Amino acid sequence: MTPSDFFALLQAPGRAQTIAVQAVSESLTYATLLARVQDHAALLAKHGARVVASLMDNGAQWIVHDLACLHAGMVHVPLPLFFTPGQWRDTLSAADVNAVVGHVALQPIVQAFGFELAAPLPGQAALFCRAATTGATALPARTAKITFTSGSTG
């Protein structure tokens, strides 16, 4: 299934008010999910995101972010919250990440890695961006996600 096929499913007739995501704190209908994905993708694009890391718990916001990256053709790099700041720094560098989505409380840490607050997001999240990346990481065409594990950052 291609991303286009998947997003066509989100827009299928009669599905708009059906629950698509049931999280602990909220439920999203297909219509709401699609609108949030499109809004989030537009915000990422507006700030020049190419490779976007996420530092957030699993939940509705993570799903929206993941789908927005897929929708916009951006690479998503989910980072585990249990990683140390050093592991985050190393993975951000290795993947040549130019944007991070995470809790606003992470601002001092991501700023130390060269990212600045670009935009607030729903809840206590924010988008952080950096103007320059090394450009050292050439990714294969159509790369959608890069996953690091605690063993891959050593």
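The values are calculated or read from the model by the stated rules, or taken from the named source; none is laboratory data. These numbers were taken from a predicted model, which means no experiment stands behind them. Neighbour counts run over all protein chains shown; Cβ positions are idealised from the backbone, glycine included. Only protein heavy atoms, including side chains, enter the accessible area calculation; ligands, DNA and RNA are left aside. Shrake-Rupley method; radii C 1.70, N 1.55, O 1.52, S 1.80 Å.
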Tell me, what % of the accessible area of the stretch 45-154 is carbon and sulfur with a 1.4 angstrom probe?
-> 58
Does the stretch 1-52 come out rounded, prolate or oblate, given a ≥ b ≥ c as the square roots of the eigenvalues of its C-alpha gyration tensor, rounded meaning a/c under 1.5 and, failing that, prolate meaning a/b above b/c?
-> oblate
Accessible area in square angstrom per residue, the chain, 1.4 angstrom probe = 53
How big is the stretch 41-137 by the Kirkwood estimate over distinct Cα pairs, in Å?
-> 13.1
With x for Gly and Pro, the residue-by-residue ³J(HN,Hα) of the stretch 87-93, computed from phi through the Karplus equation 6.51 cos²θ - 1.76 cosθ + 1.60 at θ = phi - 60° and given in whole Hz, is 5, 4, 4, 5, 6, 4, 6
In the stretch 13-111, with Lys and Arg counted as +1 and Asp and Glu as -1 at Cβ, which of these residues, V110, A94, L43, has the Cα nearest the positive end of the dipole, that is, farthest along it?
-> L43
